[in-house]
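Encoded as structure tokens, the structure appears first; notes follow it.
The values are calculated or read from the model by the stated rules, or taken from the named source; none is laboratory data. Because the structure is predicted, anything quoted here is derived from the model rather than measured. So basically every Cβ, Gly included, is an ideal-geometry build from the backbone, and we count neighbours across all protein chains shown.
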Amino acid sequence: MAEQLVVEHASKVYPGGNHALRGPSFAVEPGTFMVLLGPSGSGKTTLLRALAGIERLTGGRIVIGDTTVADDRTHLPPERRDLSMVFQDYALWPHLRAIDNIAFALRRHRLSRGAARQRAGTMLERVGLGHLADRYPAQLSGGEQQRVALARALVADTGLLLCDEPLSNLDADLRERMRVEIASLVRDAGATTIYITHDQLEAFALADRVGVLQGGTLVQLGTPEDVYHAPASLFVARFTGLAGELAVRPVGVGTRGHTLVEPVGFPCARPIEARVGAEPLQGPAVLAVRPTGVRLCDPDAEVRHLVGAVSDTAFRGRSYELVVDLPDGTRMAGIHSERRASRGTAVGLVLEPGGSVVFPDEPEGEAAHRAGGAGGAGRAGSAPGDARAERRPVGVPA
Amino acid sequence: MTIADAVPDAGAAPGTPRAGGETGPGTRRRGPGRALVLDRWRAWTGSSRLGRVLRPTLWGLVALFILAPCACFLVISVSPRLFDQGPQWFTLSYLRTIFTGATAVSVVNSLWVSGGAAAIGLAIGLPVAWLAGRTTLPGRRVVGLGMWLVLIVPSWLPAVGWERLVVKDGVLDRVGLGSVALQHAVMGPFGVVLLLGIRCVPFTYLTVTASLAGLGQELEDAARVHGASRMAALRLVLPILAPAIWSALAIGFAETVSDFGVADTLAYQSHFPLATYQLYQAIGNFPPSFPGAAAIGVILVASVAVPLVLQARALRGRAYAVLSGRTRQAVRRQLSPLGTAVAAVGVGGFFLVAIGAPTVGAVTGSLLADLGASARITGANYAAFLHQAGASGPFVRSLAYGAVTASVTVVGGFLAARMLSRQRTRATHLLDFLLLAAVALPGVVFAAGYIFAYNLPFFSTLGINLYQTTTLLVIGYTASSLPTNARVLVGPVSQVQPSLHDAARAHGAGALRAFGRGVLPAISRPLLMAWLYTFCGIFLELPISQLLYSPGSPPLSVSIQNNLSTYHYGLGMAQSVIAVCIALLVVSIALLAYRLLTPAGWRRIGATIRG
Amino acid sequence: MALSSPPAGAAAKKVPLVVYSAQGYDTAMVKAFQKATGIPTKLDTNSTGPLLTQIEASKNNPHWGLLWVDGATAFASLDQQGLLVKGFEPNVKWDALGKANLPKDKSFVPTGVTLMAAVVYNKSVVTSPPTSWQQLLQPQWKGAVGMNTPSQSGPTYPFIAGLMNALGGVTKGKQYFTSLKSNGLVINPTNGPTLQALTSGQIKLALVQSSAGIGAEHTDPTLTVKYLDPVTSLSSNIGIDAKATKTEIAEAKRFAEFVLSKKGQAVMKTGDPHGDSLYYPVVEGVQPRPTLPSLSSTKVQHIDPYTWGARESTVNTWFENTIAK
């Protein structure tokens, strides 16, 4: 009995004037797995906590199912919202055994103690921890704690499941395994799920719908494919993984409504055809290039747009990933290659219109959000948070 | 300057003497030997060798200064001859007396009164701690200070205050509020339990506040999200405070069992004999019956097994380490207007009773002329105090004793608390019992035990004459404060996850630095509290001071007691009031200094944010 | 931290004399004594109880030189345990009180006398005070009489013992106190609280040490002091530690002589003007302070400290468990 979720103009101003939420509105259909993606400070945690009822909105409305749980007059306490939640730190009660932690969530069903423990036991089996039922949280590993927290959230079969960056405290390998587990367990349960993360890989892998938050505002909402192929802003593009950015200027109109651009700082072999991400394209513009939008060719091949030199090669098992430096020092990363290329090798780059989007250049302040494309969407299994870790000025116009 | 500031930055060149080494023993050395000593010290502290050395040392000190004196005293109950206190080498006759007659009655009274008082302390202290720590209770900032006042005031003062209020022709009678029923209620078992219970409130308040500080918000949030109402969430989360709660109960019980201030005043006046009174009487009679007193001491020690067994059962096998870097600051709950009113009245009422009564006692004792016969207020007693030659000597002395004792005790108490909270082995269970048993022993037992143990002729032939030296006095103070300290610190220390220390070690800090940077900030507040508690306790400590002080240098309490017990009751009361004010001043200054001088991050731990 | 070490290695000539004293004028006396003789003196000033506890607990290795407290029974008991130097009598001319209080074996030295118990009352409240101990049993004084408990107040045992002695023995005495209890006797720990019970109106007659009562007159002039016959003398005494070194014993003897000298008596009379200085002197030629009532018409009795000292523990326990309860 998954519930529909509607959020209207949610706003939250903390004492002291910090606007954590600036009125995002959206609706989530029953049974949908929705991921809210955003960097720290984007308001995603506040929004999630407001959905849970832990945080009180200063304006706007939240409706779960048929019930308005929060508006100007109402603030339904968390326990009356019929939801469950996986906390970032798991928030397992240290004095309760694993099974009792889970059984606690069944209190609202008013089961007998025996029945509750039995259901909790079954749930624990499903997350593969049947043998650890009597352990205290401190006696469990990080992954085991995570599973217990997940089991606790799933056991009561609530209509709405909230997940607060549940994978952020796990190592890369475990993270990937738990992601798959969460995906399958949650979809089995069929609950409407709101999942927040700052990791676009996690977002794309899990979501039916992805919402991107920036500064308390919902800047894009759509399927993962929509967001990836048609980012609504340079910020969204950057945050969802780029090979690199080029400072460009528009030079003409291309086919199928695309536009033609040329780099500002150095010559190119021929104009680049790119999709227009946002209008108006006057003055300085930025070409955001997805890793999937770059193809290698010979440096003197006809099809080439740009020429650069390989500065790094990473073996990724199935293939190689190259980093290529362009003449002005701009770096393109995560470029797929079938062959190893030694450092310094000259290569040609072809930019596909499907993976190249041009935006008006964002004001200086927004550059802080610049998420380096290095890593990019093509790098499955990359370490958590690397989108931010490698935050370096890629192709900032001079 | 704070301790963290005193620790040098990482990356000091290897081999150069670091400021961090200032705490080591090599600091007094100068010249080429210094670096070597420092190295050795670092080598010591930089490995588990520290633990290997520290643990036996701590045990040794506990054995030498806590166990030996107490054992010397208690053993007299079965073997008076051992210390020239009777003809028998072995006898059970003294132990038998505690099961007969007036002594048996007083022992039974003491046991149930202590249990009741500890329970009252919990019942009041827990909600007050929660209200002050987690809600928008008006005046919450002064609650802590008020608790300190309750703690600092010697227990006889409120007892006298209550008496002065309710006795025939007492204060309430004079203002037309007196009633026989009230007199009977206060001057009887009920009044005694209530008064001692109120004295237990700060124990609960302080331990629970420290623990609440480490209790992140998520645990409550998680309960609410999974369907628990506010109360149900509270009920779920409260057991996480179990170590603190049990600690408070055990201490409350032990402190009450050993209290003499109330036993000697309100309980005595109410014809409600308590065991400590009987014990003092056995010693105070002439010639004193040390074996009789020791027999009562034995039963007091044995009685702490009760809360300990309960505690062990309640906490068995669980880990409570919840305080870590990820702990989210708790949100202060906005109380409704009605809730605010109820809470404020409740908390205010508590302080009115707990602090108002001693104030009455002090005022009628020190400010009223002709010993309170009229309501004429006079400053004569304070003037007399100021004109007394050398009046400040005892104050200064006791300030110094308090400061030294508190400093030593907090270090020892922390180490003991760490042992108690880390490994639950047989040895630590034993240590736990021994420490609490020591709390349950009245100060006079400690003091007399010290005389027996450290005044053996054997020592004098070795040229060691410790008895009636300041050294032994301070050791006695420390030994008597350490048990309570260790117990109070177990709560907060058990919440510190080992990772905090390990993380600092992993990032290149030596053991001391790891402690200073990684652990100390997390427990700095409880440590400060423990220091202040010890300081205040020693500042006004009486029985040990009386029996062990170095002739010629009377501590404050001896000076006060000499006035109170002779012809200068008003002067003694005035001294007491001044002493309590000074103690409170020290507490205020220390708390203010902590607020102003420590890095902001230290104070964040346990702080709350407005929701 | 500055911890003083024991004076173990002090020069052989003058060892410090350790004075255990519960007298209000002891600080002044020690100062005067040091000044007069140059003998270094260390004072352990405390209530009598803790002092005796210290002596008893440390009797296998004592550190005191002389003990100066009220009450002869404690000294008798110490004497019987062999803890006191016998046969020392300072070269002074005793008056009648002095002679009566000097023990036969001269194991301790009386330095002054107070009386137990004085009846203290408010002149404006009590217009016709009692004239005998028996009158206290009358309904008129029901719930109006207060006294101290001997387990906490050193001077109270001599009072109880004295009354028992006067009434014809322990049994008769017990009967008297039992009757007093039935008449609503109020028990307080010590002189101070008993006097406070009087001034606050809780009781009308306070049975306290004479010095305490006369001292109370100073602070509250409506109070007055009256002696009922017989009243028991309570001597303050100096006893010398038998295990002390020869030097210290000699110094202690000089101390006792100094106390009884003109100079010493002047110090005693002025050192604690509202308290212990309100005593009756034991040497001829020294007058008590002017506020002390004359003893010319009062019957003062002396009880044998050895006989009554032996009964102290049992009587006190009986009192504590039956009367004070």
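When residue C:280 is tested against the conditions (1) closer than 20 Å to residue C:45 by Cβ; (2) buried (at least 22 other Cβ atoms within 10 Å of the Cβ); (3) of a type outside the set (A, V, I, L, M, F, W, C), the lone failure is (1).
The set of residues in region A:327-347 that are closer than 11 Å to residue A:294 by Cβ and either out of contact with any Leu (no Cβ under 9 Å at 6 or more places or on another chain) or crowded, with 20+ Cβ neighbours inside 10 Å (or both) comprises A:332, A:333, A:334, A:335, A:347.
Screening residue B:192 with (1) modelled with pLDDT of 85 or more; (2) within 25 Å of residue B:533 (Cα to Cα); (3) among the hydrophobic types (A, V, I, L, M, F, W, C); (4) surrounded by fewer than 22 Cβ atoms within 10 Å (Cβ to Cβ) gives one miss only, at (4). For region A:5-19, the candidate set comprises residues that are among the small types (Gly, Ala, Ser) and modelled with pLDDT of 90 or more; within that set, the residue that is nearest to residue A:68 (Cα to Cα) is A:10.
Number of residues in region B:154-169 that are outside any helix (DSSP H, G or I), modelled with pLDDT under 80 and under 30 Å from residue B:534 (Cα atoms): the value is 1.
Within region C:24-47, the only residue that satisfies the criterion of being over 20 Å from residue B:556 (Cβ atoms) and facing chain B (nearest Cβ under 9 Å) is C:41. Yes or no: residue A:283 surrounded by fewer than 20 Cβ atoms within 10 Å (Cβ to Cβ), closer than 27 Å to residue A:215 by Cα and more than 30 Å from the chain's Cα centre (by Cα)? For residue A:283, the condition - surrounded by fewer than 20 Cβ atoms within 10 Å (Cβ to Cβ), closer than 27 Å to residue A:215 by Cα and more than 30 Å from the chain's Cα centre (by Cα) - is met.
Condition check ((1) touching a helix residue (DSSP H, G or I) at 6+ places or on another chain (Cβ under 9 Å); (2) at pLDDT 90 or above) across all residues:
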position	(1), (2)
C:7	no, no
C:18	yes, yes
C:25	yes, yes
C:28	yes, yes
C:39	yes, yes
C:44	yes, no
C:56	yes, no
C:81	yes, no
C:84	yes, yes
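Restricting C:242, C:256 to residues that are closer than 19 Å to residue C:32 by Cα and aliphatic (A, V, I, L, M) narrows the list to C:256. Of all the numbered requirements in (1) within 11 Å of chain C (Cβ to nearest Cβ); (2) buried (at least 24 other Cβ atoms within 10 Å of the Cβ); (3) polar (S, T, N, Q), residue B:270 misses one, and that requirement is (2). Could you please let me know if residue A:232 is touching a Pro at 6+ places or on another chain (Cβ under 8 Å), closer than 30 Å to residue A:217 by Cβ and small (Gly, Ala, Ser)? When the stated conditions are applied, residue A:232 does not pass them. State yes or no: is residue A:2 at pLDDT 90 or above, among the aliphatic types (A, V, I, L, M) and within 24 Å of residue A:166 (Cβ to Cβ)? For residue A:2, the condition - at pLDDT 90 or above, among the aliphatic types (A, V, I, L, M) and within 24 Å of residue A:166 (Cβ to Cβ) - is not met. Whenever a residue of region B:183-197 is more than 16 Å from residue B:111 (Cα to Cα), its partners that are among the basic types (Lys, Arg) and surrounded by fewer than 16 Cβ atoms within 10 Å (Cβ to Cβ), lying with C-beta atoms within less than 9 angstrom and at least six residues away or across chains, give the pairs B:183/B:168. Quick one: which residue in A:307, A:303 is under 13 Å from residue A:351 (Cα atoms), among the hydrophobic types (A, V, I, L, M, F, W, C), touching a Cys at 6+ places or on another chain (Cβ under 9 Å) and not in a strand (DSSP E or B)? Every option except A:303 fails the conditions.
The single condition among (1) away from chain B (no Cβ under 14 Å); (2) surrounded by fewer than 22 Cβ atoms within 10 Å (Cβ to Cβ) that residue A:47 does not meet is (2). So which residues in region B:552-583 are surrounded by fewer than 24 Cβ atoms within 10 Å (Cβ to Cβ) and not in a helix (DSSP H, G or I)? Across region B:552-583, the qualifying residues are B:552, B:553.
Scanning region C:210-223 for residues that are more than 9 Å from chain B (Cβ to nearest Cβ) and crowded, with 20+ Cβ neighbours inside 10 Å returns C:210, C:213, C:214.
Among the residues of region B:265-288, those that are more than 23 Å from residue B:162 (Cβ to Cβ) and without any contact (Cβ under 8 Å) to a residue 40 or more places away in the chain comprise B:282, B:284, B:285, B:286, B:287, B:288. May I ask you to list pairs of residues, at least six apart or on different chains, whose Cβ atoms are under 7 Å apart, with the first in region B:233-249 being hydroxyl-bearing (Ser, Thr, Tyr) and the second being part of a helix (DSSP H, G or I)? Going by the 7 Å Cβ cut-off, the qualifying pairs are B:247/B:207; B:247/B:487; B:247/B:488; B:247/B:490; B:247/B:491. Evaluated against (1) within 13 Å of chain B (Cβ to nearest Cβ); (2) in a helix (DSSP H, G or I); (3) farther than 29 Å from residue C:181 by Cβ, residue C:268 falls short on exactly one condition, (1).
Within region B:394-421, the residues that satisfy the criterion of being over 23 Å from residue B:70 (Cβ atoms) and either β-branched (Val, Ile, Thr) or out of contact with any helix residue (DSSP H, G or I) (no Cβ under 8 Å at 6 or more places or on another chain) (or both) are B:396, B:400.
Scanning region A:83-102 for residues that are in contact with an Asp or Glu (Cβ under 8 Å, 6 or more places away or on another chain) and among the charged types (D, E, K, R) returns A:89, A:97.
Out of B:245, B:251, B:240, report the one residue that is more than 14 Å from chain C (Cβ to nearest Cβ), closer than 22 Å to residue B:487 by Cβ and in contact with a His (Cβ under 7 Å, 6 or more places away or on another chain).
Sole residue among the options that is more than 14 Å from chain C (Cβ to nearest Cβ), closer than 22 Å to residue B:487 by Cβ and in contact with a His (Cβ under 7 Å, 6 or more places away or on another chain): B:240.
Matching residues to (1) more than 9 Å from chain B (Cβ to nearest Cβ); (2) over 23 Å from residue B:461 (Cα atoms); (3) aromatic (Phe, Trp, Tyr):
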{"site": "C:63", "(1), (2), (3)": "no, no, no"}
{"site": "C:66", "(1), (2), (3)": "yes, no, no"}
{"site": "C:70", "(1), (2), (3)": "yes, yes, no"}
{"site": "C:75", "(1), (2), (3)": "yes, yes, yes"}
{"site": "C:86", "(1), (2), (3)": "yes, yes, no"}
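Looking at the structure I just gave you, is residue B:528 surrounded by fewer than 24 Cβ atoms within 10 Å (Cβ to Cβ), modelled with pLDDT under 85 and of a type outside the set (Phe, Trp, Tyr)? So residue B:528 fails the test. Every listed requirement among (1) under 30 Å from residue B:201 (Cα atoms); (2) at pLDDT below 75 is met by residue B:515 save one, (1).
Here residue B:468 passes the criteria (1) more than 8 Å from every other protein chain (Cβ to nearest Cβ); (2) farther than 14 Å from residue B:70 by Cα; (3) at pLDDT 80 or above except the one numbered (1).
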